[in-house]
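The values are calculated or read from the model by the stated rules, or taken from the named source; none is laboratory data. Owing to the predicted nature of the structure, the values given are computational and were not obtained by experimental measurement. Every residue, glycine as well, gets a Cβ built from its backbone with ideal geometry; the counts of neighbours run over all protein chains shown. Keep in mind that these areas ignore ligands, DNA and RNA; they rest on the heavy atoms of the full protein, side chains included. Shrake-Rupley method; radii C 1.70, N 1.55, O 1.52, S 1.80 Å.
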Amino acid sequence: LGASMLNVLNVYSIFEQVGISQNLLKIMLMIPVGALVTVVFRNVIGLETFGTFLPALIAAAARETGLFWGIAGFVIIVFLSSLVRKALDRLHLLHSPKMAIMLTTVVAIMLAITILGVRFGLFDLAHITLFPIAILAITAERFAIIEIEQGFKKAAMITAATLVVISACYAAMDSLFLQSMLLAFPELLLVVIALNMWLGKWIGLRLMEFIRFHRLIFKRAG
């Protein structure tokens, strides 16, 4: 795996001693790459998504389901859970019990999807239980709140943007080249940190803003 500094420190052998597979290590190393992709889409392109980490985490979980079933499962879980969230508003519950119910709802939906996946021979879909439960519950709550406050169209637009970013994260995290590089040289994560620091100081015009105001920009330039 090359003369990687972390290999010299026998990090891989330590992971093997505690029973952590190389596949899990690969997922751990690729999640920061997915987060970087999300930051690019949010800060440079200007897409609004449900959270910074959610697209990367969903993309990582979708490695077991495949991108299509991963996205389908994500949409089903968020939509159904948001319906429960809106129904709970009528009961005027405190926030913590409400979130506990949302968490339970997400688990129940995931179990139902898994059972249906096995029954109909959709075994990739059955791996939906690997999705981050707490993140999905929070996302469903945000979807419901945005729909109530800003309308279904706005909530649907953010969901669509999130799906685009999830797909981009999946493509980057599924890259054999990037996987091989990070497995061989895990210290490349320092480069990921450096890129995030650079993007953290981004003050340029976002692509979506440029598209929205391009007529005004060219009019002033002229």
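Output the residue which, of all residues in the stretch 112-134 that are in a helix (DSSP H, G or I) and closer than 17 Å to Ser82 by Cα, is least open to solvent (accessible area, probe 1.4 Å). Can you show your working first?
In the first step, residues of the stretch 112-134 are kept if they are in a helix (DSSP H, G or I); the result is 112-119, 125-130, 133-134.
Adding the requirement that they be closer than 17 Å to Ser82 by Cα leaves 112-113, 133-134.
Working: Ala112: 47, Ile113: 16, Ile133: 59, Ala134: 57 Å².
Ranking the candidates gives Ile113 first.
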message: If I go through the stretch 141-161 residue by residue, how many of them are of a type outside the set (A, V, I, L, M, F, W, C) and free of Cβ contacts under 8 Å to residues at least 40 places away in the same chain?
response: 5
task: Provide a single number: the residues in the stretch 42-68 that are modelled with pLDDT of 90 or more and either under 19 Å from Val191 (Cβ atoms) or in contact with a strand residue (DSSP E or B) (Cβ under 9 Å, 6 or more places away or on another chain) (or both).
output: 1
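Is it the case that some residue within the stretch 40-63 is within 17 Å of Thr139 (Cβ to Cβ), open to solvent by 30 Å² or more (accessible area, probe 1.4 Å) and acidic (Asp, Glu)?
We begin by selecting, within the stretch 40-63, every residue within 17 Å of Thr139 (Cβ to Cβ); these are 41-42, 47-62.
Subset that is open to solvent by 30 Å² or more (accessible area, probe 1.4 Å): 41-42, 47-48, 52-53, 57.
Still in the running and acidic (Asp, Glu): 48.
So far as the stretch 40-63 goes, yes, one or more of its residues are within 17 Å of Thr139 (Cβ to Cβ), open to solvent by 30 Å² or more (accessible area, probe 1.4 Å) and acidic (Asp, Glu).
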query: Residues in the stretch 135-177 that are part of a helix (DSSP H, G or I), open to solvent by 60 Å² or more (accessible area, probe 1.4 Å) and closer than 19 Å to Val33 by Cβ: how many?
result: 4
- request: May I ask you to list pairs of residues, at least six apart or on different chains, whose Cβ atoms are under 8 Å apart, with the first in the stretch 193-211 being modelled with pLDDT under 75 and the second being surrounded by 10 or more Cβ atoms within 10 Å (Cβ to Cβ) and among the hydrophobic types (A, V, I, L, M, F, W, C)?
  value: Gly204/Val44; Arg206/Val44; Arg206/Ile45; Leu207/Val44; Leu207/Ile45; Met208/Ile45; Met208/Leu47; Phe210/Ile217
task: Give the number of residues within the stretch 43-99 that are part of a helix (DSSP H, G or I), among the basic types (Lys, Arg) and farther than 15 Å from Ala134 by Cα.
output: 2
message: When you scan the stretch 91-111, do you find a residue that is modelled with pLDDT under 90 and open to solvent by less than 20 Å² (accessible area, probe 1.4 Å), even just one?
response: no
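The rows are residues; the columns are (1) of a type in the set (Lys, Arg); (2) over 18 Å from Leu182 (Cα atoms).
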| site | (1), (2) |
| --- | --- |
| Asn23 | no, no |
| Lys26 | yes, no |
| Ala35 | no, no |
| Phe41 | no, yes |
| Phe53 | no, yes |
| Ile58 | no, yes |
| Leu67 | no, yes |
| Gly70 | no, yes |
| Leu83 | no, yes |
